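Written out below as structure tokens is the structure these notes cover.
Read-outs: derived from the displayed coordinates by stated rules, not from any lab. All values reported here derive from a predicted model rather than from experimental measurement. Don't worry about glycine lacking a Cβ; one is built from the backbone with ideal geometry, like all the others, and counts go over all protein chains shown.
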Amino acid sequence: MIARAKAADVALAVAREAAAIVMRVYAAPFDVEFKGKDDPVTRADRESNALACDRLLAAFPGVPVVAEESDPATYADFAGADAAWFVDPLDGTREFVARNGEFVVMIGLVEHGRATLGVIVVPVTGRAFVGIVGDGAWEVSPGGARTPIHVSSHPALEGASFVVSRSRDPEGVRRLATAIGAREAISRGSSGYKGALVATGECDVYLQPGNAGMRWDACATEALVRAAGGECTEVDGAPFDYATPELLNARGLVATNGLVHAELIAALASTRA
């Protein structure tokens, strides 16, 4: 059994240290490679990944670390573990390359297949968010002061504010959002960046139908939004199951203030009928 408060403190310290690495690379010219079509990777991704894995494995021996830039062999048995870390060392590499500031470091904890803790740090601004499902969510200052955060209180899908991806069919998703009642639909990079906008109440809905990245894109996002009083599921309303070998978020991601979640799921179902 992992003590979540201690785990949150460790994860936040690790994420901040990783964010410092990211910013050191960001401050100078860097090379960009591609793992696949439109899938960039940089030295910042790899160095942040290595640090996060080393720190988490040292602090929590025996708890697998499922991290984007790690060899899958290092976490091959994660699905059968009681707990596992999910790490995106640089969520929003496209934004990092574009130098628009919309990228984060994300660390999430899974227990018995469900996300229970999420830490998201925005390297460019230093903003840091921690959520423990069932306990609450906070923005944490550099000095350690915690300010509670909460999702919005907008009660209905009509007039809701949406945030959508910059890179995954933003025009199509914006049109969909408008068709089902959105007041506005802005585009931002990084799953964690968008999740923090929902967790802090700055947006009511984060919508990504279809391919929504990988489990390390969802874990910290889900935990933070749920800890802040919202909901985060696949687009059909099913919970994310992290206790399976499948790492692709093939069935989309919907994060909301909770109040509009069921209505949104129903509206999305009607568009697929």
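Here are the numbers for the structure shown:
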item: Acute angle (nearest 10 degrees) that the helix 261-272 long axis makes with the longest principal axis of the chain, alpha-carbon atoms; result: 70
item: Degrees between helix 4-26 axis and first principal axis of the chain (Cα, 0 to 90, nearest 10); result: 80
item: Distance between modelled label sites at Phe30 and Asp82, nm, 7 Å Cα→Cβ extension; result: 3.7
item: For peptides 145-153, 51-59, sequence by mean Cβ density within 10 Å, most packed first; result: 51-59, 145-153
item: Of all DSSP beta bridges in segment 157-273, antiparallel share, percent nearest 5; result: 55
item: Distribution of pairwise C-alpha distances over the chain, 5 Å bins, in %; result: 1, 6, 14, 19, 20, 17, 12, 7, 3, 0, 0
item: For segment 1-155, share of DSSP beta bridges that run antiparallel, in % to the nearest 5; result: 90
item: Using a Förster distance of 45 Å, the FRET efficiency for Glu17-Ser270 (Cβ separation, nearest 0.05); result: 0.45
item: Sparse-neighbour loop sites [chymotrypsin sites (Phe, Trp or Tyr not before Pro); segment 1-98; at most 15 other C-beta within 10 Å; DSSP]; result: Phe30
item: Bins of 10 Å, starting at 0 and running to the largest distance - Cα pair percent for segment 118-200; result: 17, 41, 31, 11, 0
item: Folded to 0 to 90 degrees: helix 43-59 orientation relative to the chain principal axis, Cα; result: 70
item: Estimated inter-spin distance, His150 and Asp135, nm [label 7 Å along Cα→Cβ]; result: 2.0
item: Integer Hz, Karplus 6.51/-1.76/1.60 couplings in order for segment 153-163, x for Gly and Pro; result: 10, 4, x, 9, 5, 4, x, 6, 9, 10, 10
